[in-house]
Structures are given as structure tokens and as C-alpha cells.
Amino acid sequence: MRESVAAALQVNEPLTTSILEGFLREEVQKSGFHKVLFGLSGGIDSALSAYLAARALGPNHVHAVLMPYRTSSPASLADAMEVVKDLGIPHTVVDISGSVDAYFAQMDDKLGEPASPLRRGNRMARERMCTLYDLSAAQGALVVGTSNKTELLLGYGTQFGDMASALNPIGDLYKCQVRQLSAYVGVPKSILEKAPSADLWEDQTDENELGFTYDDADEILYQWVDLRLSPAEIVERGADAKLVDHIVRRVQRNQYKRRLPIIAKLSSRTIGIDFRYLRDWGL
């Protein structure tokens, strides 16, 4: 059963790439922009977004922003630079250490205790997104997102941090599909083969933090979300019952991260409830 699910998750590489390139071109132009900007971490998700954007818009219309923190792995910065050089795209390096450390120097003193790794990681993610949106205003560019479908469903990201964007070409690709498409478009081998990491603290890896592998999560999520099987049916097909329950509960618990802020309804036409015109109004 596992082999059949894994096979079903395979994408048609030329077709998927063409669709995502068309999505980027159409959404950017319809919004009245000609350029995009994104955070390039040295990981596979942001690398794939970079390659898709460069293919869709041309290297001169994409801008990569590299935002290391003082504990970030030098290898991550090196991998990000390899993407920049391979694509021939402009880039900016912004060290976020000073602003993040200045904030926690104040808050640790006020709260009387040092911030947890989670708080520090969330602050870094939001600091990076603040930087991206500031530079997007300076350059007249849309911010491209780099969160995949697995992360979005699991809530494995920071609300208004790395989960924020104006448009996201890879948000409907599971992690295994990101890997497949990344190899197809030519993402460097060093990025394809390394363990996924948000690089928010030393030796951090996604799968160690989550407590399960992306492959296991993808297979369960695909059956539950795309095939609409019940958790019990997924278990009957061979999945671990505890893991299925854990993943389902995590998706449900993090639903708030996938929604725009909820507005209390008072009028006959409320934004996000009754006033929901299509994005393709265009300009």
C-alpha cells in the first residue's frame, strides 16, 4: 500500500513546472507588478521557489534576500549563494542578528528569564518577513512564499513569519513533490541531499523537531486530505494509528494559521465572509 501511495504522489514534472511558471507570471502581472522578491535560506523549498520564479519571469525580475542569524549554518549561506550564482539573479544579504538580539536583550530583562528557542525562532522568522516586506516596498516587488503543502497543513511555520507571502507557487506541493520538482528544475545537489532545516538554532532539523519523517507525513496527509479517507481507513491501509491521530490533530489545531484574521460580522457585507471578489479582477 505504501508503494502505491508514494507512486500516486509523483507529479508530472514538465506539466507541473509549466503550470507553476504560468501561475507566477499571471498573478504578478495581474497585480500590476513586474518583479518578485523572496527569502533564500539555502533550503530546498526556497530554492525551488527561486528556480520557478527565475524561469517564469527571467533572472532580472527576481531578487533573493539572504538573511542569516549569527548561529546560522555557514553551509546554508553557501548553498543559497550557489543558487544565486546558478540562476544569475540579484541578491541582498541582511544579517538579522543585531535586531533580534537587541529585542531579546530588552525582553529577557523585562521578563526575568531568557527566551525559549521557540520564541527566538518565531522572532527570527518574523524579522525575516519584516525585512522582505520592507525591501518589497523599496523595490516594487511582490513577496513570493516558500512554504510547502506539508508544512502549511501541519502548521509547521510561523504565522506572519515564513508562512506569509503575496503569492506562493509551492503551497500545493507536498514535501516529497518539492524534492521531485527541485531535482527536475536543477536545484544544486548539495541542497537536494541535506536534511531539511529551518536553521533557527544550531543543529536543528525539521524531522527531529516534528518527531516523524516528511515521507510518513506526506503519505498520511495525502490519503486524508486529497483522497478524503478517514483516519480509521488510513490505519486499515497500514499506517501507524498513533501517528495518524497525531498528524490529524496537528492539522486541526493549526487551522487558524491558514486563515486570514477572522472579522466579527456586523454588516450585510463583511470582508472575507460576503465580500469575496475573485483575485483575477486584475489591474
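The values are calculated or read from the model by the stated rules, or taken from the named source; none is laboratory data. Quantities reported herein were computed from a predicted structural model and do not represent experimental measurements. Cβ atoms come from the backbone with ideal geometry, glycine included; neighbour counts cover every protein chain shown.
Among the residues of region 214-236, not one is more than 17 Å from C176 (Cβ to Cβ), surrounded by fewer than 17 Cβ atoms within 10 Å (Cβ to Cβ) and in contact (Cβ under 8 Å) with a residue 12 or more places away in the chain. Note on region 47-92: residues that are more than 18 Å from S190 (Cα to Cα) and in a helix (DSSP H, G or I) total 9.
Given the options A54, A8, name the one that is modelled with pLDDT of 95 or more and touching a Leu at 6+ places or on another chain (Cβ under 9 Å). Result: A54 is the single residue among A54, A8 that is modelled with pLDDT of 95 or more and touching a Leu at 6+ places or on another chain (Cβ under 9 Å).
Within region 114-138, which residues are more than 23 Å from the chain's Cα centre (by Cα), surrounded by 14 or more Cβ atoms within 10 Å (Cβ to Cβ) and either within 27 Å of K35 (Cβ to Cβ) or not aliphatic (A, V, I, L, M) (or both)? Within region 114-138, none qualify. Selection over region 20-48 of residues that are in contact with a Ser or Thr (Cβ under 8 Å, 6 or more places away or on another chain) and among the hydroxyl-bearing types (S, T, Y) gives a count of 2.
From M67, M81, which residue is more than 17 Å from D134 (Cβ to Cβ), modelled with pLDDT of 95 or more and crowded, with 16+ Cβ neighbours inside 10 Å? Being more than 17 Å from D134 (Cβ to Cβ), modelled with pLDDT of 95 or more and crowded, with 16+ Cβ neighbours inside 10 Å holds for just one of M67, M81, which is M81. Considering only residues that are of a type in the set (D, E, K, R) and modelled with pLDDT of 95 or more, look in region 84-113 and name the one that is surrounded by the most Cβ atoms within 10 Å (Cβ to Cβ). Taking the candidates together, the pick is D86. Being more than 27 Å from R25 (Cβ to Cβ), in a loop (DSSP other than H, G, I, E, B), among the hydrophobic types (A, V, I, L, M, F, W, C) and under 17 Å from the mean Cα position of the chain (by Cα) is a description that applies to A195. May I ask you to verify whether G155 is surrounded by 15 or more Cβ atoms within 10 Å (Cβ to Cβ), on the phi > 0 side of the Ramachandran plot and touching a Phe, Trp or Tyr at 6+ places or on another chain (Cβ under 9 Å)? Criteria met by G155. Here A141 passes the criteria (1) buried (at least 21 other Cβ atoms within 10 Å of the Cβ); (2) free of Cβ contacts under 8 Å to residues at least 60 places away in the same chain; (3) among the small types (G, A, S) except the one numbered (2).
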